[in-house]
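Inspection log for the structure reproduced underneath, given as structure tokens.
The values are calculated or read from the model by the stated rules, or taken from the named source; none is laboratory data. As the structure is a computational prediction, the values presented were derived from the model and not from experiment. FYI the Cβ positions are ideal-geometry reconstructions off the backbone, even for glycines, and counts take in every protein chain you see. Areas reflect the complete protein model, heavy atoms only, side chains present, ligands, DNA and RNA absent. Shrake-Rupley method; radii C 1.70, N 1.55, O 1.52, S 1.80 Å.
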Amino acid sequence: WRHASSGEGFRITIDTERVYAGRHSLRIDFAGTHNVNLGQPTQIMRVAPGGRYRLTGQWAADELGTRSGVLVELATVDAQPAARVQTEARRGSWDWAPIDLQLDVPDTGLLLVLRVRRAATNAIDRHLAGTLWLDDFALTRLP
């Protein structure tokens, strides 16, 4: 994962206590003090043009408090037209839940980006609070 370790209203760390598989997960803590416009952490992956890909992973949350929610997105970086799929934006608390996204990469696409997103909002509950965990991600090419 590529990310800044912190920003206005959030901090990204490795967690060894709440883990789905392996020895650690990625943890994002939101302070509840800022209207976070999040586009990280990210992972950029090289793919074969014209292929169909499946992204799987797990995520969990504790008291994500904002109406706009947080989502995981998989998108082409360099293809025209661009291709993009994403989870539903989620909020609240949930135990480990699967992420399963499929994306058709255009013939001009060589790179995919995986990222966590949350758009800033003008809603009254715009200050994002809570914790998000990400773990056990894999990208596979489908036949």
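Quick notes on this one:
- Percent RCO, i.e. relative contact order, over region 65-130, from Cα pairs under 8 Å lying at least 6 residues apart: 48 percent
- Cα shape, the chain, gyration tensor, a/c 1.5 rule: prolate
- Remark: accessible surface ordering of 12, 44 (largest first) is 44, 12, probe radius 1.4 Å.
- Residue-count net charge about residue 86 - beta-carbon cut-off 10 Å; Lys, Arg +1, Asp, Glu -1: +1
- Comparing Cα centroids, region 91-142 and region 1-21 end up 14 angstrom apart.
- Percent carbon-and-sulfur accessible area, the chain, ignoring ligands, DNA and RNA, probe 1.4 Å: 45 percent
- Based on Cα contacts under 8 Å between residues 6+ apart, the chain shows a relative contact order of 36 percent.
- The residues neighbouring residue 142, those whose beta-carbon lies less than 10 Å from its own, together hold a net charge of +2 under the Lys/Arg +1, Asp/Glu -1 convention.
- As a calculated quantity, the FRET efficiency between residue 125 and residue 46 at R0 = 35 Å, using C-beta atoms, amounts to about 0.35.
- Average accessible surface for the chain: 53 Å² per residue, computed with a 1.4 Å probe over protein heavy atoms with every protein chain in place.
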